[in-house]
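Reading through the C-alpha cells given below for one structure.
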Amino acid sequence: MCPARRSAALRAFTLLELLIVIAVIIALAGLLFPVIGAVQEKGRKTQARSDLQQLVNAVNAYQTEYGKLPVPDTYYGSYTGDFMFGSGGQGGTNGDLMYVLRAQPRGNWNTPQPGTTQPLNPKQVAFLEVQPARNAANPVSGIDANGNWVDPWGGNYVVGMDGNYSGLTDVFSFDYTDIRRETNSTSGEMGIQTAVIGASKGKDKVIGKAGTGGAKTFQGSDDVITWQ
C-alpha cells in the first residue's frame, strides 16, 4: 500500500467507530435533557414570581391612589369576605381585575361599554402593563384573548384581597396547611397579615401538594405565592 492510501485508511472512521460516536452523543443528550428541562422550569418559576410581585405592587398602588382595594363596591350576592380572582370563586377569572389595573374600559363590573371610563379606575391610571400572550391558541406569560393574565404554564394567576378590610387575607381557601395564619382577635377570622396575595398553581395547575387526610402543603408543590 502506498503511503497516501495508508494515510487515508488511518484517517477514515469504521462503521463500528461511527456507531460508537452516535451512541455516545445519544447518551449525552439523554443526560442533558432533564437538566435543560429543570433549568427551563426554574426560569418559569422566576418569571411567575416576578409577575406576581408586579401584580401585588399594582394592587397596593391602586389602594394608595383610591383609598380602597380594586374590588366591587357591591359584592356578588351577600358575600362580604375576602375577595379572590382567578380561582373560579367570587371573581371567577382574573380578567375583570386586569381591566381595572390596566385602565381598560371593559369588564363585568357595571358592564362598562368600550370607549367609556373604567368605573373602578375613573382616573384611568395604568397601574399595570402586561403584554398580550404571543400564542393566542395556547397563551402563556401574558394577557389572553379574554383579558386574563396567564402564568408561564397557561393557568390564571390567582389574586386574593382583604375584601372586608380585617387586616387578614386568605388565598386558596386554606388549602395550604403549612403556611402560618394569624387570627383576628375580634372576629376570629384567620389569614395572612396582608392586603393582597398573588399565586400561581404552577405546572400541574393543582393547588398544593396532596398529603394525608386530604391535607395540602405549599412545600413540595410547584406553586408560586407572594404577598411581599
*Alpha-carbon centroid distance for the pair region 20-40 / region 174-210, whole angstrom*: 39
*Just order 18-31, 59-72, 128-141 by mean Cβ neighbour count inside 10 Å, highest at the front, would you?*
59-72, 128-141, 18-31
*asked:* Give me a comma-separated list of calculated 3J(HN,Hα) values for region 133-139, in order, Karplus coefficients 6.51, -1.76, 1.60 applied at θ = phi - 60°, integers in Hz, x for any Gly or Pro.
replied: 4, 5, 9, 5, 6, 9, x
_Cross-link reach list, lysines versus residue 205, counting only Cα pairs under 30 Å and skipping chain neighbours closer than eight places_ = 42, 45, 216
*Could you work out Rg/(2.2 N^0.38 Å) for region 21-226, with Rg from alpha carbons only?*
1.16
_For residue 123, give me every one of the aspartates and glutamates with a C-alpha distance below 13 angstrom, ignoring sequence neighbours fewer than eight places off in its own chain._
65
_Rg to Rh quotient for region 173-228, alpha carbon positions, Kirkwood Rh_ = 1.00
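Coordinate-derived values only; no laboratory data. From a predicted model like this one, the values you see are computed outputs, not experimental measurements. Counting neighbours? That spans all protein chains shown, and the Cβs are built from the backbone with ideal geometry, glycine included.
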